[in-house]
Amino acid sequence: MSTASICILITIVIYLAGMLVVGFYFARKNESTSDFYLGGRKLGPLVTAMSAEASDMSGYLLMGLPGLAYLSGVADVGWTVVGLAVGTYLNWLFTARRLRRYTQITNSFTLPQFFSNRFHDKKNILTMIAALIIIIFFIPYTASGFAACGKLFSSLFGVNYMAAMIISAIVIVGYTAAGGFLAASTTDFIQSIIMTFAILFILVFATVSAGGVSAVMDNAKALPGYLSFTSTYVEGAAAPYGFLKIVSTCAWGLGYFGMPHILLRFMAIEDENKLKLSRRVASVWVVIAMAVAVLIGVIGNALSKAGVITALSGADTETVIVRIADFLSSYGVVPALVAGLILAGILASTMSTADSQLLAASSSVSQNILQETFHMKLSQRTSMLAARLTVIVIAILGVVIARDPNSSVFGIVSFAWAGFGASFGPLVICALFWKRTTLPGAIAGMIAGGVFVFVWKYLAAPLGGVFAIYELLPAFIVGIAVIIVVSLLTKAPEQEILNEFEAAKSSSIIK
């Protein structure tokens, strides 16, 4: 192993060890399952903002977005960024405050629990369905994180993909199972700082290495459709990127209203009056981070054309930042250490999402299914043990799913994102803003949205034409339509439910 590789490895090992230390530190602060899953609602505004966005910006920030920009230009990723940026802001603006207050009024510390408590679902039907949806979609989502880690190490050190992925999974599981929500949120905050350093440094270094801004622009202009928002670069030619495709891509933003690992941060902030600061920090950071990630992909294409890095194709395009960092490490010991920190940033983007997903899935099994649905009486100690074992089991399933090194991080995230957005998004909006929503409507809408993701993805989309749109958009529309129709056809909610709604509403004025 070369000196540069040793320096990179040392940096990454120190980083991983640091995350484990944080996890074991917070393990002593978990006195109940409420602490484990929601941190006792003690998050500060900056940790709330940055941990939410770090858990959101998974491997697709430093692998998926740059890879897609490298391959096809700015149209696809550009409209995706627009949709995600708008969705982020609107979710913080409209959802955060009311969800924080509503979950406190109903004494809920997981999303499935909130659904059942919101509609006084005494049979816990909503809890069971929501928990199953979380498990179904979070396992492949977690798998995408493990795949990103495996790609990082195998492309950098030439080690076995499966071995690299398993080691990464062990570290993520280690600090998540030990420290719970506080550990995940604190490490996410640290990881967001590392991610920010990584993308900004790579942006500057890669631009200089490519010959400056003019050289990057000349390369991009020479590729038909590469810089256009109405066409995309495909196999040496420009392909049209029409209005329907633009609307479909922007629909990514709808997913935010149904993301459990992001909504949990809203529920956990200590002071709801600090959400305004959190919203501003989160919105600004996410726009800058995604824009820089797209630019890195464009610059990476110029670097490969100039022969600075190897030309990439297919799923390998998602390793463009890895290749740039590897080139940086060739300049000496100090640059190699910096490259190691950049690569730790990629790990950070992946781990910050995987830990939150594991935690949400764990709560669904141990809290929502075992205790609330099957009414198993577990002591605090046994409940904590069940939660930690669930984290391990789900991680193992994620590793099995991600065992193919050719799997696309962006593709896996895309499907899971649609699943959560369509299953939970319409219900979150209706539960928070429409008091006429009923329990049957909530159940029907959640099922309809989730099922329609599969229907559209595997039955409608393959037909092409107007059907070749992102499955989240039609599934979201179906979900919200079903909730409205079924709610209007069923008995209106009881007065106690309406009183709770008004109590949450009165404290949720946007400031």
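One residue is enough: does the range 416-437 have a residue meeting the conditions buried (at least 22 other Cβ atoms within 10 Å of the Cβ) and not in a helix (DSSP H, G or I)? Yes, the range 416-437 contains at least one residue that is buried (at least 22 other Cβ atoms within 10 Å of the Cβ) and not in a helix (DSSP H, G or I).
One line per residue, one yes/no per condition, for (1) within 18 Å of GLY419 (Cβ to Cβ); (2) out of contact with any Ser or Thr (no Cβ under 6 Å at 6 or more places or on another chain); (3) surrounded by fewer than 15 Cβ atoms within 10 Å (Cβ to Cβ):
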position: GLY465; (1), (2), (3): no, yes, yes
position: PHE476; (1), (2), (3): yes, yes, no
position: ILE484; (1), (2), (3): no, yes, no
position: SER487; (1), (2), (3): no, no, no
position: LYS491; (1), (2), (3): no, yes, yes
position: GLU502; (1), (2), (3): no, yes, yes
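Let's see how each residue does on (1) part of a strand (DSSP E or B); (2) in contact (Cβ under 8 Å) with a residue 40 or more places away in the chain; (3) more than 23 Å from MET217 (Cβ to Cβ):
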residue: THR249; (1), (2), (3): no, yes, yes
residue: PHE257; (1), (2), (3): no, yes, yes
residue: LYS276; (1), (2), (3): no, yes, yes
residue: VAL284; (1), (2), (3): no, no, yes
residue: VAL308; (1), (2), (3): no, yes, no
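Out of all the residues in the range 209-225, which are within 15 Å of ILE321 (Cα to Cα) and aliphatic (A, V, I, L, M)? The answer is ALA210, and nothing else.
Select from the range 229-247 the residues that are surrounded by fewer than 20 Cβ atoms within 10 Å (Cβ to Cβ), of a type outside the set (S, T, N, Q) and outside any helix (DSSP H, G or I) and list them in ascending order. If the condition is that a residue be surrounded by fewer than 20 Cβ atoms within 10 Å (Cβ to Cβ), of a type outside the set (S, T, N, Q) and outside any helix (DSSP H, G or I), then PHE229, VAL234, GLU235, GLY236, ALA237, ALA238, ALA239, PRO240, GLY242 are the ones that fit. Restricting attention to the range 101-130, which residues are more than 24 Å from GLN495 (Cβ to Cβ) and of a type outside the set (Gly, Ala, Ser)? Matches in the range 101-130: PHE109, THR110, LEU111, PRO112, MET128, ILE129. Which of the residues spanning the range 189-206 are in contact (Cβ under 8 Å) with a residue 40 or more places away in the chain and either surrounded by fewer than 19 Cβ atoms within 10 Å (Cβ to Cβ) or aromatic (Phe, Trp, Tyr) (or both)? The answer is PHE189, ILE193, THR196, PHE197, LEU200, PHE201, LEU203, PHE205.
Taken across the range 204-223, residues that are among the basic types (Lys, Arg), in a helix (DSSP H, G or I) and modelled with pLDDT of 90 or more do occur, with at least one present. Considering (1) out of contact with any helix residue (DSSP H, G or I) (no Cβ under 7 Å at 6 or more places or on another chain); (2) assigned to a helix (DSSP H, G or I); (3) at pLDDT below 95, the lone condition that LEU488 does not fulfil carries the number (3).
The values are calculated or read from the model by the stated rules, or taken from the named source; none is laboratory data. This structure is a prediction, so every number in the text was calculated from the model and none was measured. Cβ atoms come from the backbone with ideal geometry, glycine included; neighbour counts cover every protein chain shown.
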